[in-house]
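Accompanying notes for the structure given below.
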Amino acid sequence: MLTLINYGGNMIKAIKGLIVAAIISAFSLAAYAADSKKPTRIPVHNWSSQIVMAHVIGGIIQDMGGNVEYVPADSNAVYESIRIGDVDISHEVWQSAFGKSFDIARDKGGLLDWGDHEARTLEDMGYPNWVADKGLCPGLPNWEAMKSEKCWKNFVTPDSGGKGRWLEGPQSWHQDLMPQRLEALGLADNWMVKFAGGADALWAELAAAKKEGRGTIIFNWTPNFTDGAGFTFIQFPPYFDGCRPVDGGDGKCGSPDGYLKKAVNENWTKSHPGAAAMFKKLSFNTSQIGAMAAYVDIDKMTHEDAAKTWLKKNKKVWKKWTK
Amino acid sequence: MEIIKKYPNSFQWLFLLIVFFGLCFGIDVPEGYKYIRSIAEYSKDPNLSSYNLFGIEVRYYAYDTLWRLPPLLGWLPIWVNDSLFFLLNDWMPIEFWNADIKEFQTRPLILQITRVISATMLFLIEFIREILIGGIKTVVAFTSWDWIDANPWAELPGIPWTIVTAGAFILGYKLNGKGLAIFSAITMIYISVFGQWKPSMETLSFVLVAAPISFLLGLVLGIWAYRSKRVEGALNPILNVMQTMPHYSYLVPIMVIFGVGDHAGAIATIIFATPPMVRLTLLGLRKVSPDVVHAGKMSGCNDFQLLFKVLIPTARTDILIGVNQVIMQCLAMAVIASFIGAKGLGWNLLLALNQLRIGLALEAGICITLIAVLLDKMSLAWAHKQTDYFANLSFFERHRYGIFFVGAVVVGLIFASVGSFYFKEGFNYLYEVPHNKGISGEPFWNAGVDWIWDTFFQTLKIFNTWLIQDVLQPMRAAFLRMPVVATFVLVMGTGYIVGGIRSALVVGGFTLFIALSPWWDRALVTAYMATFGVIASGIIGIIVGSLAAQNKTSTKIVLGICDTLQTFPSFVYLIPVMMLFGVTDTSVLIAVIVYATIPATRYTIEGLRSVPPALHDAASMSGVTPMQRLLKIQFPLAFPHIMLGINQTVVFALFMVIIGAFIGTEDLGQYILKALSDVKGGGKGLILGLCVAFIGLAVDNLIRTWANKRKKLLGLEDY
């Protein structure tokens, strides 16, 4: 403590620092050997695979002798929280949805890119398989099928103004990407985009459309729990860097084959070097993530139980990361 | 001329409407005008106008100023946001020793202070939480994570649910006798048996921190406002805004300033729950008759004694109703607070909805309502219980409840330890029923939703299509078709007729702020949905309220339903509604009507029932029919009170329209929701929230002025 006062010249600064340091150290500990025993704060968001994976990672850290704590957090705002140290790690950074928030926080400093998972992600417009089985839009998944009147007529809703409707996620997810894409592909005369308020609105639409047997095209992603019931993504012209209007392109492209990244707070890697090394090696593939989500969404386990089950069954997979 | 003199008001209204419609039809929609769906549309178009202020570039579509005003306040949200960011990230950096990584680091002063506040709040919440369900963080706060790791026995054990249930039963009995005791026990048993114990206690723990802080804050501010006119004058507009601003809009700033977690949820809850406490404290103190104050002064009280021995005890009832309001508000925030990291029932409810497990969400929702009703009944019973100063009781009589509770603790502990032998494998159900390991009625609820679907869907679909195409879309188009100048004429003209030049200016000022923000079109859409919601809720509420007020039993039942619906988290019924009516405005409006009908009904009942019985008798003697009595006597007398109900209906409707963003709307709410997941959204969220608050306050000003005038005419007491 006393060393602080030697901080020379700026006495006021040193005193302020001392006071703050005293307050801080009242809440923390002085010495540590390897990993700090302070809990690693893992954010939990609102979709199953992420929550189960949070508990899986928590389980691994606990197995290594550390403590963990789970913090409910918004999936976009969490990167700022990691950057300033309110949360320590994030294990599911989806390129298309959160890439931008992640980049902004990383560039401000304090947040580190901690490598990718093996799994790749896709986030795009698509339809449940029974839409194709019923022949509501012949020619899908090729996007050009949507030009035909035989197709878009089946996707009209009362408030869509006589056009077929795409139900996109909340506008905060990709701003105007989808309306711009409709425009660019020349579909805007017969299709319109409605922004849903959240993921649950999308799932409600999926369930309702199925019950009614009506056509629906919604925004969705994989890996997700909808994979199990059968969901196909529309094949748009392939993505390349710079094809989107925000990057200066013409917008005639689908979504990228995206990364699933891990992110950490810089200080956490220093206070928890062991856990940080494990987290760097940690990598899940699509089927592992799917299995985690299925325990919850299909077998109706709690997230904690799903994580325990997964850890028990896959010791070989995760034990090697801890060494 | 005679006619004009006889009905001056009607002619004023007629004139106003003629001017309004004249302007609407006289001003054409400018060429190229379209409803702006999103910000991105501002970025690419070369036809944009722009200006620079405070180094912030504002881009917008310039129209004739009679049609739409330019967004002269467009810089404000960004400026607020940048200031906030500067304050938290760059202003006065301070060096400190980070013990975790053994390095000196710098952190801005404000961030440092807010994190200390957060840590304190979090400690309090964890402390209460761990008393209830056990844990190690409280012990850690006094020792260290290393110490607890070496001494795992030091974990707080938590209280078995049997003991908490018995405690609630005894407390219920002490406060209000058998009825409340049984209700308390049923609530606790329900929570436990349905496996919601842990999340319920998590929610309870943060309510038990937020509520006392709100109470103290409200009490202190209320007393301060009572003692100083100036403070009251300053506080009043702030409270007005706090009570009409949708809670989403300040979630982002709180998250930025205090970080995510239970503490952030608690802080948001405090902001939401304090205003009614301040108002009720002030109201209670004002009502104390001067005679009581004189008596106090004559007995030689000093200021302090006068306040705590005379004024507050006399105003006790109102202040304790404030407590009750605080508790209700806290639980109403349970779900919303979980958006910024509060654990508990609210979070579980959102998770269940995200998996489309309506039954599960419903059960969590019922827990929130039960806890709310229980705390509400207990606090009210406490409010009405007067200390009996003259009783001469023996030791046992005075302490019997404490003794019973000790007995319950012993029995509970015996049960729990017997349980630990009996349930050798897995969970000790006599200690705590683990989360989601209890009974669940999920299949039943899901079957219910399916049944509603199968029975009503086809009919509802026809209704829905008709409503959207023939009512809602034309109405929305009509609102957007209003030139800005016509809106001002209508709003300020109404203000002038109702409350003179002062009201006109106040209302005009609120409108001007919105008109100069970049979101005028969106505010019009919010206004259209709120208007529809208020009209429908008002009609339903007044009809239901008048019917219910006819006798005592129906009054009680309907008021009970109102209480339940008010605390029941609306998110739960959003999903089934969305399945039936799709992602459309209809769904939003149904949710709005369910919620906004509550105050309309409640105030109608209260208004009608407060008509003095002597007047009823007088009427009966004059030989009126019951219908005549209702229409000619009760309604006119109750009308000012009913209008205050409509006032509340407006606020409730606006709140719900904003929550409607979770279904999918294109109004102010959509942007508030968007700001929620945008780290730079703090400023936007606040200004958008102000826009919503100002719509509410403008209507509030009109209705309140009118109701006060009317009450004076009727010779009723002013509230």
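The values are calculated or read from the model by the stated rules, or taken from the named source; none is laboratory data. These numbers come from a predicted model, not from an experiment. So basically every Cβ, Gly included, is an ideal-geometry build from the backbone, and we count neighbours across all protein chains shown. Calculation scope for accessible area: heavy atoms of the full protein, side chains included, ligands and nucleic acids excluded. Shrake-Rupley method; radii C 1.70, N 1.55, O 1.52, S 1.80 Å.
Has the range B:38-49 got any residue that is at pLDDT 75 or above and not assigned by TED's automatic domain parsing to the domain that holds B:THR526? For the range B:38-49, residues at pLDDT 75 or above and not assigned by TED's automatic domain parsing to the domain that holds B:THR526: present.
For the range B:439-475, the set of residues classified as open to solvent by 40 Å² or more (accessible area, probe 1.4 Å), at the interface with chain A (Cβ under 10 Å from one of its Cβ atoms) and touching a residue at least 12 places away in the same chain (Cβ under 8 Å) consists of B:SER440 only. Looking at the range B:545-652, none of the helices (runs of 4 or more DSSP H) lying wholly inside it contains 3 or more residues that are acidic (Asp, Glu), open to solvent by less than 40 Å² (accessible area, probe 1.4 Å) and in contact with a Phe, Trp or Tyr (Cβ under 8 Å, 6 or more places away or on another chain).
Would you say B:ALA295 is within 26 Å of the chain's Cα centre (by Cα), hydrophobic (A, V, I, L, M, F, W, C) and modelled with pLDDT of 85 or more?
Against the criterion (within 26 Å of the chain's Cα centre (by Cα), hydrophobic (A, V, I, L, M, F, W, C) and modelled with pLDDT of 85 or more), B:ALA295 does not qualify.
Screening A:TRP143 against (1) of a type in the set (A, V, I, L, M, F, W, C); (2) surrounded by 20 or more Cβ atoms within 10 Å (Cβ to Cβ); (3) away from every other protein chain (no Cβ under 14 Å) leaves a single unmet condition, (2).
I'd like the residue in the range A:36-86 that is of a type in the set (A, V, I, L, M, F, W, C) and part of a loop (DSSP other than H, G, I, E, B) and, out of all such residues, is surrounded by the most Cβ atoms within 10 Å (Cβ to Cβ). Let's see the steps before the verdict.
Residues of the range A:36-86 of a type in the set (A, V, I, L, M, F, W, C): A:42, A:44, A:47, A:51-54, A:56-57, A:60-61, A:64, A:68, A:71, A:73, A:77-78, A:82, A:84.
Next, from what is left, pick out any that are part of a loop (DSSP other than H, G, I, E, B): A:47, A:64, A:73, A:77.
Numbers: A:TRP47: 20, A:MET64: 16, A:ALA73: 28, A:ALA77: 25.
In this case the residue turns out to be A:ALA73.
Of all residues being farther than 30 Å from A:ASP176 by Cβ and hydroxyl-bearing (Ser, Thr, Tyr) in the range A:255-280, which is most open to solvent (accessible area, probe 1.4 Å)? Just the residue, please. Across the range A:255-280, the extreme among qualifying residues is A:THR269. Scanning the range B:107-116 turns up one or more residues that are assigned to a strand (DSSP E or B) and within 14 Å of chain A (Cβ to nearest Cβ).
Under the condition of being within 20 Å of A:HIS55 (Cβ to Cβ) and acidic (Asp, Glu), which residue from the range A:87-117 is surrounded by the fewest Cβ atoms within 10 Å (Cβ to Cβ)? Within the range A:87-117, the match that is surrounded by the fewest Cβ atoms within 10 Å (Cβ to Cβ) is A:GLU92. What number of residues within the range A:36-50 are under 11 Å from the mean Cα position of the chain (by Cα) and more than 7 Å from chain B (Cβ to nearest Cβ)? Result for the range A:36-50: 4. Within the range B:159-182, can one find any residue that is assigned to a loop (DSSP other than H, G, I, E, B) and more than 24 Å from B:ILE414 (Cβ to Cβ)? Among the residues of the range B:159-182, at least one is assigned to a loop (DSSP other than H, G, I, E, B) and more than 24 Å from B:ILE414 (Cβ to Cβ), which makes the answer yes. Close contacts from the range B:47-60, counting a first residue that is within 19 Å of B:GLY683 (Cα to Cα) and a second that is among the small types (Gly, Ala, Ser) and in a strand (DSSP E or B), with Cβ to Cβ under 8 Å and a gap of 6+ residues or different chains, come to B:GLU57/B:SER50; B:VAL58/B:SER50; B:ARG59/B:SER49; B:ARG59/B:SER50; B:TYR60/B:SER49; B:TYR60/B:SER50. Among the criteria (1) within 10 Å of chain B (Cβ to nearest Cβ); (2) crowded, with 23+ Cβ neighbours inside 10 Å, the one A:ALA208 does not fulfil is (2).
For the range A:123-138, state whether one or more residues are within 14 Å of chain B (Cβ to nearest Cβ), outside any helix (DSSP H, G or I), closer than 20 Å to A:GLY230 by Cβ and open to solvent by less than 20 Å² (accessible area, probe 1.4 Å).
Narrowing the range A:123-138 to residues within 14 Å of chain B (Cβ to nearest Cβ): A:128.
Subsequent filtering for residues that are outside any helix (DSSP H, G or I) retains A:128.
Remaining after also requiring closer than 20 Å to A:GLY230 by Cβ: A:128.
Restricting the remaining residues to those that are open to solvent by less than 20 Å² (accessible area, probe 1.4 Å) gives A:128.
Within the range A:123-138, one or more residues are within 14 Å of chain B (Cβ to nearest Cβ), outside any helix (DSSP H, G or I), closer than 20 Å to A:GLY230 by Cβ and open to solvent by less than 20 Å² (accessible area, probe 1.4 Å).
The residues of the range B:551-573 that are touching a residue at least 12 places away in the same chain (Cβ under 8 Å) and not hydroxyl-bearing (Ser, Thr, Tyr), listed by number, are B:VAL558, B:LEU559, B:CYS562, B:ASP563, B:LEU565, B:GLN566, B:PHE568, B:PRO569, B:PHE571, B:VAL572.
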